[in-house]
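Read the structure below first, then the notes.
Please treat every number below as a calculation from the coordinates, not as lab data. Note that the structure is predicted; figures quoted are calculated from it, not measured. Cβ coordinates were reconstructed from backbone atoms using ideal geometry, including for glycine residues, and neighbour counts include every protein chain displayed.
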Amino acid sequence: MSGYRFEAVSKCFEGETIFKNFHLSGQSESFLCVVGKSGVGKSTFLRMLGGFEPVDSGTIHIEENLVQKPQKICPMVFQSYEQLFPWLPIWENVAFPLRVNGEKKEIRKAKAMQALQAVGLKDHANKFPHQLSGGMKQRAALARAWIAEPKILLMDEPFGGLDMMTRESLQGLLVDLWKERKWTVVFITHDLREAARLSTKLLIVKEEGEWALLENHLPWPRDPYSKELNDWVRQIQL
Amino acid sequence: MKRWRIYTGLILAFCLSWQLIVWSGRYSPLIFPSLDAIGRSLWSDLVHGQLLSQLVFSLRLVVEGLLLSIAMGLGIALIARRFVVFRKGIDLLISVAHPLPGVALLPLVILWVGIGEAAVLFIILHSVLWPFLVSFFGALDRLPIIHQEVADNYELKGWRRLIWVDLPGAFPGFLSGLKIGWSRAWRALISAEMIFGATSGSGGIGWFMFQKRVFMDTAGLFGGLLVIIVIGVAMESLVFRWLERRTVVRWGMER
Amino acid sequence: MKKWIVMILIGLLVLTSGCAAQPEPEEKTLILAEQYGLAYAPLQILQAKNFLADIDPDLKLEWAKAGNTTAIREMMLAGKVDIGFMGIPPFLIARDKGMEWDIFTGLSQAPVGLVSSNPAIQGLADIQESDRIALPQPGSIQHILLAIAAERELGDAARFDQQLVTMKHPDGMSAMLAGEELNLHFTSPPYIFMELEEAGTHLVLSGTEAMGGPFTFIVGAAPKRVQEEKAESLAALKEGLQMAMDFMQDHPDEALTILSERYELEEEVLQGYLANPELVYSESVEGLDTFIDFMTRNGYLDQEITAEEVIWN
C-alpha cells in the first residue's frame with residue numbers, strides 16, 4: 001500500500017475553478033474521505049487521482065510515479081450500478097482484473113470465491129448482475145476493486161442511493177476490510193456522518209478552489225449515532 | 001399457454017372464414033382454392049414432389065448468405081473503428097445502398113455476376129449487410145462509457161478489450177441487426193429465385209412458387225405460401241428467440 | 001363466444017361486399033390485353049384503322065397493359081380483361097386448371113426459335129446442365145416447343161425444365177448476348193431477327209423443326225362470361241381482325257408505314273422482317289392437336305381436352 005501526492009494542482013471545469021495550486025499528501029494506509037457540496041469537484045478530484053481526468057497544471061504522484069492515465073494499481077469503485085459487465089456472472093466480474101493479468105481460470109475462480117465470501121455474496125457467485133440488488137452489485141464491485149491487491153482504492157460515492165440499513169452494514173464491512181488488509185483508501189461521500197465514521201482524514205472541497213483538511217481522531221470502534229461523532233460532524237464547515 | 005390458445009383460436013377463425021368464402025361459390029377456385037385442395041396439393045408436393053429439397057436448398061442459401069454477411073459485417077466494423085476515413089466511406093455507402101430494394105439491383109447483378117448461386121448470394125448479402133451494419137455500428141458507437149472506463153482502469157487494451165468488452169457490449173445491436181437482416185434476406189432470396197429460376201438442381205422455394213403461378217396451380221401456390229410463413233415464424237420464435245434467451249435475456253440486456 | 005361469431009360475420013361481410021361486381025359500363029366495351037411483338041401486328045392495324053367503327057359503331061375497344069401472359073390470365077380471372085392474346089400452351093394450361101375460356105381466333109404463325117451465342121452448342125444434345133435458357137416463362141409456347149424437341153431428340157421432355165430463366169424478350173436478348181451461363185434464348189419476332197443479325201449468334205432449333213410442321217403462334221382467347229354476355233361484340237372483333245389481316249395483304253405499303261411507327265422500327269428493316277415467309281397472319285388455328293397430345297402425354301395437362309371443345313364459333 002502506498003501514499004500519493006498532489007503538487008500545485010490546478011483544474012478548471014467548464015469555467016469554474018475547482019482547484020487552484022492545490023497540495024495534498026496522503027499516507028499509506030490512510031482513509032481519506034472527500035466531502036463538499038454537490039458539484040463542487042469531489043468526483044473530479046478522484047478522477048484526476050485515478051488518471052481519468054487530466055490536470056490543468058501541477059502533478060499527481062502515486063508512490064513516486066506520475067499519474068498520466070488510468071492504472072490498475074488504483075482501481076475505482078464507480079458510483080454507477082452498471083459498472084459490472086452484464087454478460088458475465090458475478091464471480092467472473094469480480095475475477096476480471098485477474099483475468100486481465102493472465103491468471104488461470106481455476107486460480108481466478110478460487111480467489112473470486114474468497115473475495116465474494118468476504119463481502120457476503122458467495123451464494124450469488126453464478127448469478128448475473130441484473131439479478132442482484134443495488135447493494136449487492138456495489139459489494140461485488142468492491143470485491144472486484146481489491147481482488148488484485150491494488151495500491152490505492154478509489155471509491156466514488158459507492159453507497160449513494162442505497163437505503164440506510166444497507167449503507168451502514170456496508171460501511172461496517174468496509175472499515176473491517178480496510179483495517180484487516182491495510183489499504184489506502186480515497187472515498188467520496190456527501191454524507192458527513194458516513195465520512196466521520198470511515199475517515200482518518202477529511203478533505204473538504206469548497207467553492208472557488210478553496211479547501212480544508214481535517215484530521216479525524218475519533219476512537220475506534222465508531223458508533224455512527226454516538227454523541228462524540230455527532231459533535232465532530234457539527235463542527236465541520238462546508 | 002394462454003398466448004397459444006389465442007393464436008390457435010384466431011387461426012381457426014381465419015380458416016373458417018376462408019372455407020365459408022370458398023363454399024359461397026363467389027370466387028373461382030383459381031382465385032380462392034378450398035382448404036382441402038391446398039392441403040392435398042401441399043401434401044403431394046412434400047411427399048411426391050421436390051418441395052422439401054427446394055426448401056432445404058433455399059434455407060441453405062440463406063444461411064450461407066447470413067454467415068457471409070456476418071463475417072463481412074464484423075470485418076468492416078472492425079476496420080471502420082480503426083480508420084475514420086473508412087468509416088465515413090462506409091457510412092456513405094450504407095446511406096446509398098440501404099434504401100435500394102435488392103430486386104431493383106437485379107438487372108445489374110445479372111450483368112456483373114451472372115445468374116448462378118453467386119448472384120443469389122450477392123443479393124442476400126446486399127439485403128443483410130446494410131441493416132446489420134447500421135444496427136451493429138449503432139451499438140458499437142453507443143457502448144456504455146462506464147464499461148470503457150472500467151476497461152481503462154484495469155489497463156485492458158487491443159484485441160482482448162475488443163473481444164472481452166466491446167463485442168459483448170454491442171451484442172444486442174448485433175443480434176437485432178441480424179434479425180432484420182434475416183427477414184430481408186429471406187424475402188430477397190425468394191424474389192430472386194422467382195427471377196433467376198433454378199440456380200442449380202431443382203432450385204428453391206421461390207422457384208417452386210413461380211412455377212405454381214405460371215402453371216396456374218393456385219392451391220399449390222397457397223401451399224407454398226403457407227410453408228414460407230411457417231419458416232419465417234419458426235425462425236423468429238424458435239431460432240432467434242432461443243438465441244436471445246441464451247444471451248441478451250440471460251444477461252438482462254434485452255432492449 | 002357471441003363476440004367471435006359477430007367478428008367472423010363482420011369479416012365475411014367486409015370481404016364479400018368489397019368485391020361487389022362493377023356496374024356495367026354504359027356503352028359496349030371490350031378490354032383487350034396484348035403484348036409486344038410482330039406477331040400481334042393485326043391488333044396494331046385494327047387500332048390504327050379503326051375498322052370496328054364500320055362493323056359496330058357502338059363497340060369501344062380498351063387496351064390493357066399486361067407485362068406477360070401470366071398477368072393477362074390473372075387479370076382476366078379478376079374480370080379486368082375480356083380478351084387476351086397468347087400462345088396455345090398457356091391457354092391450355094389455364095383451361096386445364098379450370099379456367100373457363102375458349103379460343104375464338106388465331107392471330108399469327110411466326111418463325112420462333114432457340115438462339116445461342118455459344119458456338120459449342122449446335123444441337124440440343126450440346127446443352128450442358130450449367131447452361132441457362134431465357135424465355136418468357138415456364139409453360140409458354142417457347143418452353144413447350146423446346147420440350148417437344150427434347151422429347152423427340154433426347155427422349156426426355158422435362159430435360160431442360162430446371163434450366164429456364166424467366167425474362168422478357170428484350171432482357172433475354174441482352175443477357176444472352178452478354179452472358180456466359182445464360183447463352184440461350186428462345187424468342188420470337190422481332191427479337192429473333194435482331195439477335196441473329198448480331199455476330200456470334202446462330203439458330204440452334206427453330207419452332208417448325210420442333211413442332212414437325214406449321215403451328216399457330218398466337219391465338220385470341222375469351223372467357224365464358226364474355227362469350228355469353230358480349231357475343232355480338234366478340235363476333236364484331238373477329239370480323240375486324242380479319243379485315244386487318246386482309247388490309248395487310250392488300251395495302252402492304254400503308255400497313256408498313258403504320259407498323260413502322262408503332263413498333264419504332266425503320267421501314268426498310270421492318271419490311272425485311274415482314275417478308276419472312278414463316279410470318280403469316282391468319283385466323284386459322286393450327287397445331288392444336290399436337291400441343292394437346294404432347295402436353296397431356298407429359299403431364300403438363302391433367303384433364304382430357306379435345307381440340308373441338310376449346311374453339312368458339
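Database remark: amide H of C:V165 closer than 5 angstrom to the amide H of C:I133, C:A134, C:L135 (H placed geometrically; neighbours at sequence offset of 5 or more, or on other chains; Pro and chain starts carry no H). Summarising the amide proton neighbourhood of A:T184: residues at separation of 5 or more, or on other chains, whose placed amide H is nearer than 5 Å comprise A:S2, A:E29, A:L153. For the residue pairs B:K212/C:K230; A:K201/B:K157; A:K37/A:K227; A:K42/A:K179; A:K42/A:K151, the C-alpha atoms sit more than 26 angstrom apart in B:K212/C:K230; A:K201/B:K157.
The A:H23 and A:Q68 beta-carbon pair, evaluated with R₀ = 25 Å, returns a calculated FRET efficiency of approximately 0.80.
With a cut-off of 12 Å between beta carbons, the residues surrounding C:K80 carry a summed charge of -1, where Lys and Arg count +1 and Asp and Glu -1. Cα axis of helix A:134-146 to longest principal axis of chain A: angle in degrees, 0 to 90, nearest 10? Roughly 90 degrees, rounded to the nearest 10. Here the Karplus curve 6.51 cos²θ - 1.76 cosθ + 1.60, taken at θ = phi - 60°, turns the phi angles of the stretch C:247-257 into couplings of 4, 5, 6, 7, 10, x, 5, 5, 4, 4, 4 Hz, with x standing for Gly and Pro. Think of it as helices only: each DSSP H run of n ≥ 4 in chain A is worth -39500 (n - 2.57), and spread over all residues that comes to -9500 deg cm²/dmol at 222 nm. For A:K137, a cut-off of 17 angstrom between C-alpha atoms picks up these lysines, skipping any fewer than 8 places away in its own chain: A:K122, A:K127. Over chain C, Cα pairs under 8 Å with separation of 6+ residues give a relative contact order of 27 percent.
The calculated FRET efficiency for the pair B:L16 and B:E236, based on their C-beta separation and a Förster distance of 25 Å, comes to about 0.45. In chain C, the DSSP-assigned H stretches of four residues or longer account for a calculated mean residue ellipticity at 222 nm of -13000 deg cm²/dmol, using -39500 (n - 2.57) per stretch and the full residue count as denominator. For chain B, relative contact order (Cα pairs under 8 Å, six or more residues apart, normalised by length) works out to 26 percent.
Length gain on complete extension for the stretch C:E309 to C:S174, per 0.36 nm per residue less the alpha carbon to alpha carbon distance? Stretched out fully, the C:E309 to C:S174 stretch lengthens by 44.6 nm.
Taking the helices alone, chain B has a mean residue ellipticity at 222 nm of -25000 deg cm²/dmol, built from -39,500 (n - 2.57) per DSSP H run of at least 4 residues and averaged over all its residues.
Here the Karplus curve 6.51 cos²θ - 1.76 cosθ + 1.60, taken at θ = phi - 60°, turns the phi angles of the stretch B:111-126 into couplings of 5, 7, 10, x, 10, x, 4, 4, 5, 5, 4, 4, 4, 4, 4, 4 Hz, with x standing for Gly and Pro. With a 10 Å cut-off around each Cβ of B:135-147, the average count of Cβ atoms from other chains is 2. Compute the separation of the alpha-carbon centres of the stretch A:55-72 and the stretch B:115-129 and state it in Å as a whole number. Each part's Cα centre sits 54 Å from the other's.
Among residues other than A:E16 with Cβ under 15 Å from its Cβ, the summed charge is -1 (Lys and Arg +1, Asp and Glu -1). Taking Cα atoms only, the orientation of helix A:105-118 departs from the longest principal axis of chain A by about 60 degrees. Applying the Karplus relation 6.51 cos²θ - 1.76 cosθ + 1.60 with θ = phi - 60° to the stretch B:187-194 yields 3J(HN,Hα) values of 5, 5, 4, 4, 4, 4, 4, 4 Hz, where x marks Gly and Pro.
Per residue of A:85-94, other chain Cβ atoms within 10 Å of the residue Cβ number 4 on average.
The distance from the alpha carbon centre of the stretch A:98-168 to that of the stretch A:211-238 is 29 Å, rounded to a whole number. Rounded is the label for the stretch C:113-211, because the ratio a/c of its alpha-carbon gyration tensor axes (a ≥ b ≥ c) stays below 1.5.
Taking A:A145, A:A118, A:A196 as the candidate residues, the one with maximal mean-square fluctuation in a Gaussian network model of chain A, Cα springs under 10 Å, is A:A118. Computed over neighbours whose Cβ is under 10 Å from that of C:A150, the net charge equals -2, Lys and Arg +1, Asp and Glu -1. Residues whose amide H lies under 5 Å from that of C:G113, counting only those 5 or more places away or on a different chain, are C:T187, C:G207; hydrogens are built 1.01 Å from N in the peptide plane. Using Cα atoms only, what is the angle between the long axis of helix B:218-234 and the major principal axis of chain B, expressed in degrees (0 to 90) to the nearest 10? Rounded to the nearest ten degrees, it is 30.
Most tightly packed first, judged by the mean number of other beta-carbon atoms within 10 Å of their residues, the peptides C:301-312, A:33-44 read A:33-44, C:301-312. Structural descriptor for chain A: relative contact order 27 percent, calculated from alpha carbon pairs under 8 angstrom and at least 6 residues apart.
What's the center-to-center distance, using Cα atoms, between the stretch B:152-173 and the stretch B:215-242 in Å? Cα centres, the stretch B:152-173 to the stretch B:215-242: 39 Å.
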